[in-house]
Amino acid sequence: MTELDTSRDTDVCGTGTHVFDDAVALVAADAHRYTGRTHPAYANMVGPFGGITAATLLRAVQQHPEVLGVPLSLTVNYCGPLADGEFEIVARPVRTNRSTQHWSIELSQDGAVTTTATAVFGTHRETWSSTEAVAPDAPPAQDVAQQSLPEFIAWSRNYEMRFVEGAVPGPETGENPDSTTTLWVRDTPPRPLDFAALTALADVFFPRVFLRRGQYMPAGTVSLTVYFHADEHALARQSDASVLATARSQHFGKGYFDQSGELWSSDGELLATTHQLVYFKG
C-alpha cells in the first residue's frame, strides 16, 4: 500500500466540472435513448470500473422526462466487456404505479448489448422506521491513514480511501480467514454525495477473494444490486464527508462468490446496502 496523493484539487478534464460528472454525462438522442463515452479516469484492469457503469445507467433514468421520484433499487448485470469509447443506453419505464416506477435499461456498444439493468424508482412517505443493521466500529475518518489501491487500478485514484480493516493484500500478506473490508471512502476531489455517486461507491470494494487468498487473481462482477435507504435529505446531510463502507462474502466456490455490503453516513445512518455475484478463477 502507498500513501495517496492528495494534491489533486481539480478535475482531470479541465472542464470545470467534477471528473465523476464528466464520466456519467449523457446526451439525449431521442425519447428513451442516450449516448455516452467511457472515461479514462475510471478505467479498470479490463474495461471501465463497474461502479461508474452502474452510476451511468442510473443517471439515464434520472434524466428521463418520465421519471418518478428517486431511486429505490438498481440491479446491473454485466453481460460482456465494455470497450473504451462511445456507447448507447436505452432506458424505458415498463410500468408506473401510484408510488413505484419500474425501469428496463440496456447499454450497448457497436450494436451488441454489454450491460442490462432494472431499476425501481418511487416516492417516499413517512412511516414507522427501524434499522436492524449495526454500523461497524471505526475511528473517525480523520484518524485513519489514507491508503490507495495499486497504481495500475486507475479508477481508485478518484477515491480517498482509509482502510479500518481488510486492506488490499500485499506480496507478503498471505491468506486471511475473514473476507471483511471496512473503510472510510469519498470522492477525491471531494464532491457532495448524490444517488449516482452512492451507486458507484457500492462497487468500491476490491474482490473479496483477493483478501481471503492473499493474492490477486482474475475476478469480475457479474451482477450488482443496490438498495437505496437514503433520501435526498440524508444525502444533503452527508454532503462531501467520508462514507463508512463495509463488505464481506458468505461463500466462495465453483468459480463464483457473493458479496454483501453496507454504506453508512458519517453520523451513523444507513445509506444503502448492496449485493454482488462475482466470478473468479483460481
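The values are calculated or read from the model by the stated rules, or taken from the named source; none is laboratory data. Because the structure is a prediction, the values reported are computed rather than measured. Heads up, the Cβs are rebuilt from the backbone with ideal geometry, glycines too, and the neighbour counts pull from every protein chain shown.
Quick notes on this one:
- Strands (runs of 3 or more DSSP E) lying entirely in the range 199-282 (those with 3 or more residues that are of a type in the set (S, T, N, Q) and either out of contact with any helix residue (DSSP H, G or I) (no Cβ under 9 Å at 6 or more places or on another chain) or modelled with pLDDT of 95 or more (or both)): 219-228, 270-280
- Total residues in the range 141-181, condition in contact with a Leu (Cβ under 7 Å, 6 or more places away or on another chain) and of a type in the set (S, T, Y): 4
- Residue match in the range 107-123 (condition: more than 23 Å from S223 (Cβ to Cβ), surrounded by fewer than 15 Cβ atoms within 10 Å (Cβ to Cβ), among the polar types (S, T, N, Q) and out of contact with any Ser or Thr (no Cβ under 8 Å at 6 or more places or on another chain)): no
- So F152, is it crowded, with 19+ Cβ neighbours inside 10 Å, of a type in the set (F, W, Y) and under 24 Å from Q276 (Cα atoms): no
- Those strands (runs of 3 or more DSSP E) lying entirely in the range 84-138 with at least 1 residues without any contact (Cβ under 8 Å) to a residue 24 or more places away in the chain and under 21 Å from V61 (Cα atoms): 86-96, 100-109
- Test for T75: is it in contact (Cβ under 8 Å) with a residue 60 or more places away in the chain and either over 19 Å from L263 (Cβ atoms) or not in a strand (DSSP E or B) (or both): no
- Only listed residue being in contact with an Asp or Glu (Cβ under 9 Å, 6 or more places away or on another chain) and under 19 Å from A54 (Cβ atoms), chosen from D203, D258, D194, D240: D194
- Checked against (1) over 29 Å from N176 (Cα atoms); (2) surrounded by 14 or more Cβ atoms within 10 Å (Cβ to Cβ), F252 meets all criteria but (1).
- Scope the range 35-62; condition in contact with a Leu (Cβ under 6 Å, 6 or more places away or on another chain), surrounded by fewer than 23 Cβ atoms within 10 Å (Cβ to Cβ) and at pLDDT 95 or above; matching residues: G36
- Of the criteria (1) among the charged types (D, E, K, R); (2) more than 27 Å from H233 (Cα to Cα); (3) assigned to a loop (DSSP other than H, G, I, E, B), which one R157 fails: (3)
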